[in-house]
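Chemist: One structure follows; several queries about it will come next.
Every number in this text was worked out from the coordinates using simple rules, so none of it is lab data. Remember, predicted model here, so these are calculated numbers, not experimental data. Cβ sites come from the backbone with ideal geometry, for glycine too, and all protein chains shown count toward neighbours.
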Amino acid sequence: MRIASGKVVGGRVELDSDLPEGTSVTVLAHEGDETFEADPATEKMLLDAIAQCERGDTVSMSQLLSELRSRE
């Protein structure tokens with residue numbers, strides 16, 4: 001999974017990074033002064049996950065799905 005930012009221009013989302021043609025995306029859009037608050041445990045989990053990604057300690061989506069399916 002990758003995170004990419006961008007803007008809506010002419011009704012289309014234009015990203016600030018390149019994704020391969022045909023990539024499926026999910027768009028989350030800010031609405032007004034909307035905020036996000038997390039308890040200390042959730043904030044720590046999110047910061048740890050961000051640090052893990054920044055270190056490159058990730059798995060592919062296909063590997064993740066394979067591991068999840070093997071648990072069934």
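Chemist: Within region 3-42, take every residue that is in contact with an Asp or Glu (Cβ under 8 Å, 6 or more places away or on another chain) and surrounded by 10 or more Cβ atoms within 10 Å (Cβ to Cβ) and give me the one that is nearest to CYS53 (Cα to Cα).
Modeler: ALA4
Chemist: Are any residues in region 32-50 among the hydroxyl-bearing types (Ser, Thr, Tyr) and in a helix (DSSP H, G or I), and if so, which ones?
Modeler: Listed by number, the list holds a single entry, THR42.
Chemist: Right, VAL59: surrounded by 10 or more Cβ atoms within 10 Å (Cβ to Cβ), part of a strand (DSSP E or B) and within 18 Å of the chain's Cα centre (by Cα) or not?
Modeler: Answer is no for this residue.
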